[in-house]
Amino acid sequence: MALKRVLSGVQPTGSLHLGNWLGAIRNWVELQKTHETYFCVVDLHAITVSQDPQLLAKNTLSTAALYIACGINPDISSIFVQSHISAHSELCWLLNCITPLNWMERMIQFKEKAIKQGDNVSIGLFNYPVLMAADILLYDTDLVPVGEDQKQHLELARNIAQQRVNSKYGTNEKPLLKVPEPLIMKQGAKIMSLVDGQNKMSKSDPSDFSRIGLLDSPELITKKIKKAKSDSYSGLEFNNPERPESDNLLGLYSIISGQSRDSVAKECNDISWGKFKLMLADATVNSLEPIQAKYQEIIKDDACLRQWINIGKEKAEEQAQTTLRRLKKALGMLPPQ
Ligand code: AQP
């Protein structure tokens, strides 16, 4: 039986952090064992907000290297760069023309992100969910791992496929686009900022001390954790609404040390913040050490890394072009001779 196909990606908007690893990439490593997996570095999404061109290319390569360092196997999964496959932009345009404006106006993430951009909001940022729909639909994706923040975007992709494409241009027997399902991960971890336990850890947070980068040195990791926001209670606990930082850091400790939440809650119930932070820093440094060592090996061998990205691209492009041709034909575009 054919394996179910999964697609996901990370934006190269900065250095990947613990949230990207624990909330996304770590789950992908498991998924590749049981699914056909496509993992892209979504640089077209990254430019929906302003990027430094020098840094964007560097971050794109480094993100692909980190996928592999975290355990994505390029011999099993297709790893590729979104902009290397022009079908993403092309399908996005076709979908733009059939997506009602009022569906887009409901997108919550645009409203949240637009506030941060002030007067500089691009049409691309508004359009981000249509590009995401194109990414997913191009590959006849069965399952998309989604966190809470992306659920609405996946629903949009489903509605575009079902209501705007299949029901208008396809038939029940022969749908033009596969309607993807969300994949809710059992171990979905949302990691919050180190300086504010109510905001998620994010690459674009202006404060570097809000996140732990996967490539931060042991000294920097320890420094950031020591400086992380704490509170005036003693002992650490989960689920106290007045203590979001305690909940976040204890949760992080549980995931990183591989111990159950019950066990860490007992272990840390009456220790000081100072002692806890040192334990968390040690556990974090140890868990990142093998990833950092592997990353250094991969990034040194530029030719090999680029070859993996090219191989991923070739496989992905074949599928993408097939879907694109199918849709263009259905929309009535004259094929070239
Ligand atoms: N803090 C987080 N906790 C858990 N998962 C997270 N992800 C991101 N931050 C956390 C997951 O990482 C994947 C890729 O995310 P993305 O780069 O495409 O966009 P994002 O979610 O907007 O991530 P950032 O780091 O916050 O980027 P910027 O600052 O550029 O917007 C997704 O699966 C996401 O859930």
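The values are calculated or read from the model by the stated rules, or taken from the named source; none is laboratory data. These numbers were taken from a predicted model, which means no experiment stands behind them. Note: ideal-geometry Cβ built from the backbone for every residue, glycine included; neighbour counts use all protein chains shown. For the accessible areas, the whole protein counts, side chains as well, though only heavy atoms, and no ligand, DNA or RNA atoms are used. Shrake-Rupley method; radii C 1.70, N 1.55, O 1.52, S 1.80 Å.
Between Lys178 and Lys275, the simple spin-label model (points 7 angstrom out along Cα→Cβ) gives 5.2 nm.
In this simple spin-label model, placing a label point 7 Å from the Cα along the Cα-to-Cβ direction at both Arg325 and Asn240 gives a separation of 6.3 nm. Per-residue extension of 0.36 nm, minus the Cα-Cα distance of Lys300 and Ser217, leaves a gain of 28.1 nm for this segment. A protection proxy built from the mean count of other Cβ atoms within 10 Å ranks the segments 91-97, 40-46, most packed first, as 40-46, 91-97. Between the helical axis of 123-138 and the longest alpha-carbon principal axis of the chain there is an angle of about 70 degrees.
For the chain, take the longest principal axis of its alpha carbons; what is the angle in degrees between that and the long axis of helix 302-331, to the nearest 10 within 0 to 90? Result, in degrees: 40. Given Gly14, Leu101, Gly251, which one lies farthest toward the positive end of the charge dipole of the chain, if we put +1 on the Cβ of every Lys and Arg and -1 on the Cβ of every Asp and Glu? In the chain, that residue is Leu101.
How much length is gained on full extension from Ser204 to Lys33, taking 0.36 nm per residue of separation minus their Cα-Cα distance?
Values: separation 171, 0.36 × 171 = 61.56 nm, distance 3.14 nm.
Result for the pair: 58.4 nm of gain on full extension.
Between Ser204, Ala189, Ile221, the Cα set farthest toward the positive side of the dipole of segment 177-227 (charges on each charged residue's Cβ, about the Cα centre) is that of Ala189.
Could you tell me how many cubic angstrom of Cα convex hull volume segment 27-99 has per residue?
Details: hull volume 8.9 nm³, N = 73.
That works out to 122 Å³ per residue.
Computed as a quarter of the hull surface, the mean projected area of the alpha carbon convex hull for segment 149-222 stands at 7.8 nm². Net charge of the neighbourhood of Glu148, taken over other residues with C-beta under 12 Å away and scored Lys/Arg +1, Asp/Glu -1, is +2. So, counting K/R as plus one and D/E as minus one, what does the shell of residues with Cβ under 12 Å around Gly19 add up to? Charge balance near Gly19 sits at +3. Rounded to the nearest 10 degrees, the angle from helix 87-96 to the longest Cα principal axis of the chain is 80 degrees. With a ≥ b ≥ c the root eigenvalues of the C-alpha gyration tensor of segment 190-256, is it rounded (a/c under 1.5), prolate (a/b larger than b/c) or oblate? Here segment 190-256 falls in the prolate category. Less than 5 angstrom separates the built amide H of Met192 from those of Met201, all sequence-distant by 5 or more or on a different chain.
Projected label points at Gln307 and Asp119, each 7 Å from Cα along the beta carbon direction, are separated by 5.2 nanometres.
What do you get for Rg/Rh of the chain when both radii come from the Cα atoms and Rh is the Kirkwood radius? Can you show the working numbers first?
On the way: Rg = 21.2 Å, Rh = 21.3 Å.
Ratio of gyration radius to Kirkwood radius: 0.99.
Is there a quick way to get the dipole size of the chain? I mean about its Cα centre, with the Cβ of Lys and Arg at +1 and of Asp and Glu at -1; what is the value in debye to the nearest 20? Walk me through the numbers before you get to the answer.
Details: 39 positive and 38 negative charges, 129 e Å.
The calculation lands at about 620 debye.
Averaged per residue, the chain has 51 square angstrom of accessible surface, using a 1.4 angstrom probe with ligands and nucleic acids left out.
Charges were assigned to the Cβ only: +1 to each Lys and Arg, -1 to each Asp and Glu. The resulting dipole of segment 9-91 about its Cα centre is roughly 200 debye. At an R0 of 41 angstrom, the distance between the Cβ atoms of Asp52 and Arg261 translates into a FRET efficiency of 0.55.
Listed peptides 227-233, 101-107 appear in the order 227-233, 101-107 once ranked by packing, highest mean of other Cβ atoms within 10 Å at the front. A straight line joining the Cα centroids of segment 260-313 and segment 33-82 runs 18 Å.
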